[in-house]
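Shown next, in structure tokens, is the structure this report addresses.
The values are calculated or read from the model by the stated rules, or taken from the named source; none is laboratory data. Because the structure is predicted, anything quoted here is derived from the model rather than measured. Positions of Cβ are generated from backbone atoms using ideal geometry, with glycine treated the same way; all protein chains shown enter the neighbour counts. The accessibility values were calculated without ligands, DNA or RNA, using every heavy atom of the protein model including side chains. Shrake-Rupley method; radii C 1.70, N 1.55, O 1.52, S 1.80 Å.
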Amino acid sequence: MKLTHHNNRLPTLARSTSNSLLSSLTSHPRRVMAGIGVLLLGTGVTAFGIAPLAPDASLLPVQQVVEEIQSQPFAPHEGASLDAWSLFRSDTLRRDDTPQSLLQRLGVSDAAAAAMLRSDSNAHQLFAGRAGKLVTVEANSRQELIRLTARWLPDDGRVFQRLVIERQGGSFSSRVESGELNVQSRLASGVIRSSLFAATDEAGLPDSVAVQLAEMFSGDIDFRRDLREGDRFSVVYESLEADGEALRAGRVLSAEFINNGREHEAVWFEEPGLQGAYYGFDGQSSRKSYLASPLEFSRVSSGYGMRFHPISGKQKAHLGVDYAAPTGTPVRTIADGVVTFAGWQRGYGNTIEVRHRDNQTTLFGHLSRIDVRAGQKVAQGEFIGAVGSTGLSTGPHLHFEFRDNGVHQDPLAIARRSENIPVSPAARARFDAVAQSMRMQLDAAATVQQASAE
Ligand SMILES: [Zn+2]
């Protein structure tokens, strides 16, 4: 038994490895049995213990307990053909992967296959562009490649690409095909013990679902400060699947979040002719004129705190909210508006000012990058620059101000004022049907979680 201390990113890596192992096991349960001695090599049972909730729980070290399994060398019984079984393995493509490193990680040792992946134009599509593509290989007992399959979504997509490379006698064939994505809805639920991301990891939810949860309830819950141990959520979300494999999560269709005993709910609804929005189950939209935060909630930014400057009116130079975040974190405008200033200001360094309706303005200071120019129109949520440490700043952070007719206001208080727009009478019946179906799915999600916790 080994006891190691890490920051909380490592256990996730460890787990994702065993997850891909599990998924390769479950998708080919029978054919992989003979190879199981090989598959377990180097893996272990991991368990995570997280320190009790504290102000900055997400920054606390996570204790990882690793129990190593002694693996036996695989010994086929006398007379068994080595080609009688094949080994399936899946892993995701990494940014710095070469054909060689990818095959090696997948347990394939095959110089001819590596050479083919280097020279084949279809295989180039796999290594070009984004990392994270899921690659599955089938190999024989001599660790030679029999088949490689990879599926990914092009940027524009409702259609996925499937690369297939197959051994045919002494050589390989390759092809890239397009396939229709299948949109499935999935249910999940979780309990907060330390942070939102720890809970969504535990529930097996992708990060994009965690981010959507935080954003859709951001007007009511400040996920950086308000979470309590024991808070609960249930969620229904779209999963975009290719050949039964989830490629990425789509939109959160409905969610319920119980924070500090208070229940918050939302359901996605698109009225004909209007942009879709989240509504309460009562049919009131919770659309906000101002986003609660100029930084999108993310795994990185969630661990950082906020500092408020006193809004006294005397200390005119430095009023607002500071968001600690790494240099380069994207900064977004919290409402529609027009950029009135984009450039250098004493003390503030690289600065952007945006004018919104009713003579309300926002200011972003200490930026490392400015992506807009004065006079440009910006839409709510649009990225306009990046966090930095320019001007009079002691470290990377965003200095953010909100002014109403020149008077400083607390941006969070502003964001909590929402305009409620009800579903139109014409769409009411359809909304009620959607809401009822979502209500049932959320209740089912909560039951699944309770059952698994018992
Ligand atoms: Zn500041």
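Data for the structure
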item	result
Within region 126-145, considering residues that are assigned to a loop (DSSP other than H, G, I, E, B) and of a type in the set (A, V, I, L, M, F, W, C), the one nearest to Asp96 (Cα to Cα)	Ala131
Any hit, region 205-214, residues being buried (at least 17 other Cβ atoms within 10 Å of the Cβ), out of contact with any Cys (no Cβ under 6 Å at 6 or more places or on another chain) and more than 30 Å from Ser254 (Cβ to Cβ)	no
Wholly enclosed strands (runs of 3 or more DSSP E) of region 296-341 bearing at least 2 residues open to solvent by less than 20 Å² (accessible area, probe 1.4 Å), away from the ligand (no atom under 13 Å from the Cβ) and at pLDDT 90 or above	330-332
Unique match (being assigned to a strand (DSSP E or B), closer than 27 Å to Tyr323 by Cβ and either open to solvent by less than 40 Å² (accessible area, probe 1.4 Å) or touching a Gly at 6+ places or on another chain (Cβ under 8 Å) (or both)) among Val235, Val183	Val235
Residues of region 410-430 that turn out to be within 23 Å of Phe400 (Cα to Cα), hydrophobic (A, V, I, L, M, F, W, C) and surrounded by 15 or more Cβ atoms within 10 Å (Cβ to Cβ), as a count	3
Residue check, Gly381 in a strand (DSSP E or B) and either under 17 Å from Val339 (Cβ atoms) or more than 12 Å from the ligand (Cβ to nearest atom) (or both)	no
Output for region 390-417, where each listed residue is of a type in the set (S, T, N, Q) and in contact with a Gly (Cβ under 6 Å, 6 or more places away or on another chain)	Thr390
Search result, residues across region 390-425 that are closer than 25 Å to Tyr279 by Cα, β-branched (Val, Ile, Thr) and assigned to a strand (DSSP E or B)	Ile421
Members of region 136-165 that are open to solvent by 40 Å² or more (accessible area, probe 1.4 Å) and acidic (Asp, Glu)	Glu144, Asp155, Asp156
Unique match (being farther than 30 Å from Val252 by Cα and touching a Leu at 6+ places or on another chain (Cβ under 9 Å)) among Val159, Val183, Val137	Val137
The lone exception for Arg369 - which of (1) over 26 Å from the mean Cα position of the chain (by Cα); (2) farther than 27 Å from Gln284 by Cα it fails	(1)
Criterion: modelled with pLDDT of 90 or more and assigned to a loop (DSSP other than H, G, I, E, B) - qualifying residue of Gly219, Gly273, Gly230	Gly230
Neighbours by Cβ (under 9 Å, 6+ apart or cross-chain): first from region 248-275, loosely packed, with under 13 Cβ neighbours inside 10 Å; second outside any strand (DSSP E or B) and of a type in the set (A, V, I, L, M, F, W, C)	Asn260/Ile221; Asn260/Leu227; Arg262/Ile221; Pro272/Ala426; Pro272/Ala427
Neighbours by Cβ (under 8 Å, 6+ apart or cross-chain): first from region 375-402, under 19 Å from Ala415 (Cβ atoms) and open to solvent by less than 10 Å² (accessible area, probe 1.4 Å); second within 16 Å of the ligand (Cβ to nearest atom) and aromatic (Phe, Trp, Tyr)	Ile384/Phe364; Leu398/Tyr323; Leu398/Phe364; His399/Tyr348; His399/Phe364; Phe400/Tyr323; Phe400/Phe364
Answer residue from region 386-416, given it is of a type in the set (A, V, I, L, M) and within 14 Å of the ligand (Cβ to nearest atom) and is modelled with the lowest pLDDT among those	Leu392
Test result for Asp201, charged (D, E, K, R) and open to solvent by 70 Å² or more (accessible area, probe 1.4 Å)	no
Count of region 359-371 residues which are open to solvent by 10 Å² or more (accessible area, probe 1.4 Å) and in contact with a Gly (Cβ under 7 Å, 6 or more places away or on another chain)	4
